[in-house]
Amino acid sequence: MQIHQYDVVIVGAGGAGMRAALESSQRTRTAVISKLYPTRSHTGAAQGGMCAALANVEEDNWEWHTFDTVKGGDYLVDQDAAEIMAKEAIDAVLDLEKMGLPFNRTPEGKIDQRRFGGHTRNHGEAAVRRACYAADRTGHMILQTLYQQCVKNDVQFFNEYYVLDLLLDTDLTAAKKPRKGAPVRCSGVVAYDLATGEIHVFHAKSVVLATGGSGKIFKTTSNAHTLTGDGMALALRRGIPLEDMEFFQFHPTGLAGLGILLSEAARGEGGILRNGEGERFMERYAPTIKDLAPRDIVARSMANEVREGRGAGPHKDYVLLDLTHLEPEHIEAKLPDITEFARTYLGIEPFTEPVPVYPTAHYAMGGVPTTISTEVLRSNTDVVQGLFAAGEVACVSVHGSNRLGTNSLLDINVFGRRAGIAAAEYATGADWVEMPQDAAAYVVDELERIRTAPAGEKVGDLRKALQETMDANAQVFRTAESLQRALDVIDDLRARYQSISVQDKGRSFNTDLLEAVELGFLLDLARVVVVGALAREESRGGHFREDFPTRDDEGFMHHTMAYAVATKDGDTAIRLDKKPVTVTRYQPMERKY
Amino acid sequence: MATTSPTLAAPRSPRRSGRGTTRGNLELYGWVFMRVSGALLIVLVFTHLFMNLVVGDGVKAIDFGFVAGKWADPVWQVWDLLILWLAMIHGTNGMRTIINDYATRTGTRLTLTGLLYLAFTVIVVLGTLVIFTFDPCPPGAPADVLASFCTAG
Amino acid sequence: MTATTTSPAAVGEVPSFDVTLRIRRYDPDAATPEAFWEEFTVSAHGTDRVLDAMHKVKWDLDGSLTFRRSCAHGICGSDAMRINGRNRLACKTLLKDLDPSKPITIEPIKGLPVVKDLVVDMEPFFASYREVMPFLIAGKNAPTKERLQSAEERARFDDTTKCILCAACTTSCPVFWTDGQYFGPAAIVNAHRFIFDSRDEGAAQRLEILNDKEGVWRCRTTFNCTDACPRGIEVTKAIAEVKKAMITRAF
């Protein structure tokens with residue numbers, strides 16, 4: 001076991017983690033721990049763009065952007081946070097340009113902008129060109145640019161280290177909670193070096209969680225195999241609540257059957273969704289902005305077309321994304337990667353044939369609750385000192401119940417930066433918090449238990465069962481019955497997980513062992529998603545209950561806070577609480593596009 | 001302050017200390033030399049072939065006297081010397097590359113490379129000597145094989 | 001073995017077939033670590049990629065099979081490996097395109113130390129990358145708003161911005177195989193990306209670095225890198241452009 005000491009430890013090296021590292025490493029001694037090489041992070045898979053009201057191509061301002069974000073999130077957005085994001089978006093884009101990001105350019109040489117779902121001029125009049133982009137690989141460019149800057153600034157990375165525990169000075173899972181206002185502090189993390197199997201304890205004044213999403217709770221997903229919600233699960237297990245986890249975004253245009261993402265930019269550039277009968281069905285669901293309605297609406301409309309028998313293909317189980325009316329040169333220039341995906345994976349030539357698409361699990365709107373300064377909340381009002389979160393792992397909440405396209409790249413840049421600054425500033429003023437004597441004991445025991453367990457349940461079987469039940473029962477359409485079915489399966493799987501075993505008994509590069517650990521995270525998070533979805537008896541944004549098809553502002557205009565609490569039998573239960581939504585300018589209205 | 005005594009392990013991705021950069025353009029000149037000389041070699045070789053095989057009576061005219069006649073002219077001496085040197089440099093470099101690619105064992109590679117350089121030296125030295133010490137009119141040779149200028153005097 | 005790959009049927013009607021993977025294994029924790037070949041047969045569908053078949057092996061047959069992967073659609077660059085003798089991304093190679101009637105051989109990429117099975121130590125690769133100063137070097141007096149750049153100037157280096165650092169090019173290069181000190185195509189591609197960026201002012205320094213004994217002059221244009229690149233970057237062309245820039249500078 002090795003012990004390291006850093007002022008700031010950043011967990012995760014995607015967009016948010018590296019953006020934070022750039023700020024923090026200039027101010028104080030910083031380490032970035034990542035379970036992947038930084039350039040493997042899933043930020044790189046983001047395609048379409050990053051919105052900021054630069055007004056480079058047409059009139060725009062950040063207030064319109066704020067409104068779109070709030071309305072897109074079905075009014076569950078904390079409006080102070082959305083305002084900060086929309087305002088700081090402009091500098092975030094310009095900062096990236098100064099770091100060298102190769103944005104596409106207008107004829108005058110300025111950053112070009114294009115249309116994107118849910119982004120409108122003057123509070124919903126028409127689609128506006130707000131998304132700054134680099135072809136359909138904006139995320140790739142952001143990830144590469146941030147890594148380049150990290151190389152330039154000599155940021156210290158611990159690559160292929162898995163953070164498996166969060167060290168707090170107070171046990172928050174205990175039945176007796178610390179009183180209101182009592183200081184609870186974070187003292188570091190415990191990590192596992194994949195290459196050697198060695199445990200490393202990182203003693204830190206500030207810890208920033210930037211571990212990304214948890215899409216692998218679903219089967220059909222645009223998310224990477226490694227997106228197993230590690231940071232969320234670690235927080236949950238240490239008694240920190242998770243906010244709004246029932247809201248999961250399903251991206252409308254995943255390659256049918258595969259879930260691989262085809263950017264919304266395809267529709268921003270003029271692509272049209274058609275059902276099996278060739279009808280442009282979005283005209284019926286969102287008469288004003290049609291195919292560029294927010295993702296929750298488009299995904300639901302698509303699923304509805306298929307459900308009502310108007311799907312395309314031999315089994316009528318998908319719809320079609322039609323780009324054939326666009327100029328091939330235009331597609332090649334603006335959407336080179338996604339056309340290649342269609343060719344590579346489905347053998348479809350998008351210039352001449354429409355592409356089969358179906359919604360794919362894409363983004364967790366919920367996560368570890370934070371303040372607008374990215375401090376992690378342990379209750380509705382109290383923060384954990386020295387613990388910060390940014391990016392998909394966090395819930396500020398700027399996305400509410402449905403994130404607008406491009407706002408995730410914005411989120412990681414704006415709040416990643418804020419997290420880096422906040423963590424460094426806190427570390428500069430704070431004292432070292434003593435770590436528990438046996439800081440690594442829990443992780444060591446747990447890993448050893450799984451590694452040496454006699455033949456029992458297999459990781460692959462349990463994960464498959466989990467993902468299938470989530471796809472079948474907690475996807476675009478949900479009911480009390482379907483969610484209960486999912487919960488029953490999850491409870492059963494959690495019981496079976498107790499006798500999980502792995503075949504690889506080695507110490508070096510034991511990915512078998514780590515997949516087992518990650519499965520534990522997925523099971524915990526899926527339970528929170530389903531429990532939250534069961535309790536929310538309304539339909540809002542990405543959460544649609546067929547048994548409660550309308551939004552209920554009387555009963556549910558609040559954030560869900562889910563706590564894991566220890567039960568007598570040694571297990572945990574999920575306790576739900578409410579957190580009020582911050583409303584500044586915009587009162588909830590009916591959401592029509 | 002912390003009660004633990006932290007052992008500050010080195011990060012896993014240390015910056016490499018740099019691989020002794022070679023200042024100057026030696027590599028560049030080497031690269032350019034190979035390209036330029038390669039192009040030159042093509043001209044040299046094909047002109048050589050054309051002169052020997054096509055012009056006049058063509059291939060039928062080649063005999064001792066023909067060669068002797070050419071090497072009596074300093075232009076052709078330099079010409080053939082260039083062909084010899086450049087062809088040997090290019091050929092040896094190609095062989096060296098092939099040996100490096102396919103001989104994986106150090107011993108084999110060193111042996112083969114050594115043999116290659118030996119062959120290069122022998123051929124280049126021998127060839128150069130021949131070109132410059134060549135006697136076009138060896139005494140006692142039958143007159144019908146000699147160049148015309150041997151008997152002219 | 002029944003390989004029944006019919007013509008690419010419509011999506012949803014994908015025939016399944018059996019495929020045999022012949023995988024190069026290496027376990028550093030074994031009593032006497034030694035590399036060996038192992039064959040696995042799994043059933044696959046028409047749209048399955050090599051990575052899907054490998055996952056079937058790992059999840060159903062042998063959990064100890066070790067390889068890197070993340071995004072599974074050719075963006076993250078984790079799973080470059082040598083498949084049927086060619087460097088490719090396992091997640092971007094469809095089984096049906098490989099003649100599944102014969103065993104598919106899968107080896108780690110060549111020229112980097114093997115850590116376990118298909119996992120290699122990427123550190124030497126990233127060290128070369130870091131050495132070419134792969135970041136924008138621009139003047140201190142930046143404008144308040146963005147720097148202007150014309151669409152043509154932007155297009156000049158577009159190809160090399162696509163690099164995902166998967167190492168498929170560098171580990172397909174015969175020069176790199178015999179001389180591990182060679183910067184390799186990937187590092188040169190990433191230098192190219194900045195050398196030809198109109199906003200950058202560090203071209204001279206980068207050219208100086210790549211003028212090294214182990215720099216661009218080692219390239220002998222075998223085009224292996226261009227063939228291997230899963231992103232379709234014209235790597236050899238990029239290297240040639242860097243050479244040209246150096247020659248223009250020198251003469």
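The values are calculated or read from the model by the stated rules, or taken from the named source; none is laboratory data. Not measured: the values here are computed from a predicted model. A quick note on method: Cβ atoms are made from the backbone with ideal geometry, for glycine too, and the neighbour counts reach across all protein chains shown.
When A:195, A:191 are checked against the criterion of being within 26 Å of residue A:507 (Cβ to Cβ), over 19 Å from the mean Cα position of the chain (by Cα) and buried (at least 24 other Cβ atoms within 10 Å of the Cβ), A:191 stands alone in meeting it. Scanning the stretch A:554-566 for residues that are more than 11 Å from residue A:537 (Cβ to Cβ), surrounded by 14 or more Cβ atoms within 10 Å (Cβ to Cβ) and of a type outside the set (Ser, Thr, Tyr) yields A:557, A:558, A:559, A:561, A:562, A:564, A:565, A:566.
When the stretch C:165-176 is limited to residues that are more than 10 Å from residue C:225 (Cα to Cα) and touching a helix residue (DSSP H, G or I) at 6+ places or on another chain (Cβ under 7 Å), the one that is nearest to the other protein chains (Cβ to nearest Cβ) turns out to be C:165. For the stretch C:177-203, taking the residues that are more than 13 Å from chain B (Cβ to nearest Cβ) and hydrophobic (A, V, I, L, M, F, W, C), the one that is surrounded by the fewest Cβ atoms within 10 Å (Cβ to Cβ) is identified as C:203. Summed over the stretch C:116-145, residues that are assigned to a loop (DSSP other than H, G, I, E, B) and touching a residue at least 24 places away in the same chain (Cβ under 8 Å) total 11. Screening the stretch C:43-66 for residues that are in a strand (DSSP E or B) and buried (at least 19 other Cβ atoms within 10 Å of the Cβ) and picking the one that is nearest to the chain's Cα centre (by Cα) gives C:49. Filtering the stretch A:291-342 to residues that are of a type in the set (S, T, N, Q) and either buried (at least 21 other Cβ atoms within 10 Å of the Cβ) or within 14 Å of chain C (Cβ to nearest Cβ) (or both) leaves A:301, A:339. State which residue is nearest to residue A:144 (Cα to Cα) when the search covers only the stretch A:67-116 and only residues that are small (Gly, Ala, Ser) and at the interface with another protein chain (Cβ under 9 Å from one of its Cβ atoms). Ranking the qualifying residues of the stretch A:67-116, first place goes to A:100.
Quick grid of which residues meet (1) touching a Cys at 6+ places or on another chain (Cβ under 7 Å); (2) surrounded by fewer than 24 Cβ atoms within 10 Å (Cβ to Cβ); (3) of a type in the set (A, V, I, L, M, F, W, C):
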| position | (1), (2), (3) |
| --- | --- |
| A:46 | no, no, yes |
| A:55 | no, yes, yes |
| A:63 | no, yes, no |
| A:66 | no, no, no |
| A:70 | no, no, yes |
| A:73 | no, no, no |
| A:77 | no, no, yes |
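Out of the stretch B:61-120, which residues are among the small types (Gly, Ala, Ser) and within 30 Å of residue B:145 (Cα to Cα)? The answer is B:61, B:65, B:68, B:69, B:72, B:87.
One line per residue, one yes/no per condition, for (1) at pLDDT below 95; (2) over 30 Å from residue B:93 (Cβ atoms); (3) assigned to a helix (DSSP H, G or I); (4) acidic (Asp, Glu):
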site: C:160; (1), (2), (3), (4): no, no, yes, no
site: C:187; (1), (2), (3), (4): no, no, yes, no
site: C:194; (1), (2), (3), (4): no, yes, yes, no
site: C:209; (1), (2), (3), (4): yes, no, yes, no
site: C:233; (1), (2), (3), (4): no, no, no, no
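Which of the residues belonging to the stretch C:161-172 are of a type outside the set (Lys, Arg) and out of contact with any Gly (no Cβ under 6 Å at 6 or more places or on another chain)? C:161, C:163, C:167, C:168, C:169, C:172, listed by residue number. Taking the stretch C:168-185 as the range and being under 21 Å from residue B:100 (Cβ atoms) and either touching a strand residue (DSSP E or B) at 6+ places or on another chain (Cβ under 8 Å) or part of a loop (DSSP other than H, G, I, E, B) (or both) as the test, the residues that pass are C:169, C:171, C:172, C:173, C:179, C:180, C:181, C:182, C:183, C:184.
Of the set (1) within 24 Å of residue A:570 (Cα to Cα); (2) within 11 Å of chain C (Cβ to nearest Cβ); (3) among the β-branched types (Val, Ile, Thr), all apply to residue A:530 but (2).
When you check residue A:135 against the structure, is it in a loop (DSSP other than H, G, I, E, B), touching a residue at least 60 places away in the same chain (Cβ under 8 Å), under 25 Å from residue A:411 (Cα atoms) and out of contact with any Ser or Thr (no Cβ under 7 Å at 6 or more places or on another chain), yes or no? Judged against the criteria, residue A:135 is a match. Among the residues of the stretch C:220-250, which ones are touching a residue at least 40 places away in the same chain (Cβ under 8 Å), over 25 Å from residue A:100 (Cβ atoms) and hydrophobic (A, V, I, L, M, F, W, C)? Of everything in the stretch C:220-250, just one residue is touching a residue at least 40 places away in the same chain (Cβ under 8 Å), over 25 Å from residue A:100 (Cβ atoms) and hydrophobic (A, V, I, L, M, F, W, C), namely C:228. Number of residues in the stretch A:250-288 that are under 24 Å from residue A:46 (Cα atoms) and hydroxyl-bearing (Ser, Thr, Tyr): the value is 2.
Test residue A:493 against the stated conditions and say whether it is surrounded by fewer than 23 Cβ atoms within 10 Å (Cβ to Cβ) and closer than 30 Å to residue A:72 by Cα. So residue A:493 fails the test.
Considering A:153, A:122, the condition of being within 30 Å of residue C:190 (Cβ to Cβ) and more than 24 Å from the chain's Cα centre (by Cα) is satisfied by A:153 alone. Any chance you could count how many residues in the stretch A:485-503 are within 14 Å of chain C (Cβ to nearest Cβ) and free of Cβ contacts under 8 Å to residues at least 24 places away in the same chain? Residues meeting the conditions: 1.
The residue list A:219, A:205 contains one member that is under 27 Å from the mean Cα position of the chain (by Cα), farther than 24 Å from residue A:436 by Cβ and either within 14 Å of another protein chain (Cβ to nearest Cβ) or part of a strand (DSSP E or B) (or both), which is A:219. Within the stretch A:1-56, track down each residue that is in a strand (DSSP E or B), out of contact with any helix residue (DSSP H, G or I) (no Cβ under 9 Å at 6 or more places or on another chain) and more than 14 Å from chain B (Cβ to nearest Cβ). Correct list: empty.
Within the stretch A:352-398, the residues that satisfy the criterion of being within 14 Å of chain C (Cβ to nearest Cβ) and β-branched (Val, Ile, Thr) are A:355, A:357, A:360.
Within the stretch A:310-348, the set of residues being aliphatic (A, V, I, L, M) and under 25 Å from the mean Cα position of the chain (by Cα) comprises A:321, A:335, A:338, A:342. Being part of a helix (DSSP H, G or I) and surrounded by fewer than 19 Cβ atoms within 10 Å (Cβ to Cβ) holds for only one residue in A:512, A:569, A:488, A:524, and it is A:488. The C-beta contact set for the stretch A:505-519 (first residue within 14 Å of residue A:163 (Cα to Cα) and free of Cβ contacts under 8 Å to residues at least 60 places away in the same chain, second residue assigned to a helix (DSSP H, G or I) and of a type in the set (A, V, I, L, M, F, W, C), distance under 6 angstrom, 6+ apart or interchain) comprises A:515/A:459. Of the strands (runs of 3 or more DSSP E) contained entirely in the stretch A:336-404, those carrying at least 1 residues that are modelled with pLDDT of 95 or more and polar (S, T, N, Q) fall at A:355-364, A:383-389.
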